[in-house]
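Trainee: Pasting a structure here, questions to come.
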Amino acid sequence: MAFSKNVERWRSSAVSQIPSFPTDYVLAWIDHESDGRPNVKTKLDERGIFQMHPAEAKDMGVSKAEFDALIDPNQSLSEHFATGVKLLKFKRAGTDRLLS
């Protein structure tokens with residue numbers, strides 16, 4: 001599948017940090033939520049490339065500082081992606097619970 005340059009720049013992070021997820025699935029999520037742009041914030045205060053909602057962050061135990069860093073232009077892309085990975089794993093665990 002073809003993605004924009006903004007989204008493709010996350011490919012190596014997806015491959016290395018969450019190999020258990022299909023890479024194109026991860027990139028499609030990023031494409032849909034943020035077009036690969038870090039530091040994005042919505043009117044609902046969703047943040048980051050995966051668009052983590054504040055309530056999700058709280059449920060996952062993401063600290064306020066870590067959540068706020070999703071819109072900090074000084075945060076490294078690697079740290080930004082790592083926080084987003086927590087969201088993907090949280091969503092997968094919720095789905096797995098529903099299926100069991």
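The values are calculated or read from the model by the stated rules, or taken from the named source; none is laboratory data. Model, not experiment: these values are computed from the prediction. Ideal geometry is used to build each Cβ from the backbone, glycine not excepted, and the neighbour counts take in all protein chains shown. SASA here: full protein model, heavy atoms, side chains in, ligands and nucleic acids out. Shrake-Rupley method; radii C 1.70, N 1.55, O 1.52, S 1.80 Å.
Trainee: If a residue has to be open to solvent by 50 Å² or more (accessible area, probe 1.4 Å), of a type outside the set (Lys, Arg) and over 12 Å from the mean Cα position of the chain (by Cα) to count, how many in segment 77-97 make the cut? Give the steps one after another, and end with the answer.
Mentor: In the first step, residues of segment 77-97 are kept if they are open to solvent by 50 Å² or more (accessible area, probe 1.4 Å); the result is 77-79, 86, 89-92, 95-97.
Filter once more, so that each one left must be of a type outside the set (Lys, Arg): 77-79, 90, 95-96.
From what's left, over 12 Å from the mean Cα position of the chain (by Cα): 95-96.
Within segment 77-97, residues that are open to solvent by 50 Å² or more (accessible area, probe 1.4 Å), of a type outside the set (Lys, Arg) and over 12 Å from the mean Cα position of the chain (by Cα) number 2.
Trainee: Among helices (runs of 4 or more DSSP H) lying entirely in segment 4-65, which contain 1 or more residues that are at pLDDT 95 or above and closer than 17 Å to residue 78 by Cβ?
Mentor: Working: elements: 5-8, 11-17, 23-34, 54-60.
Result: 5-8, 11-17, 23-34.
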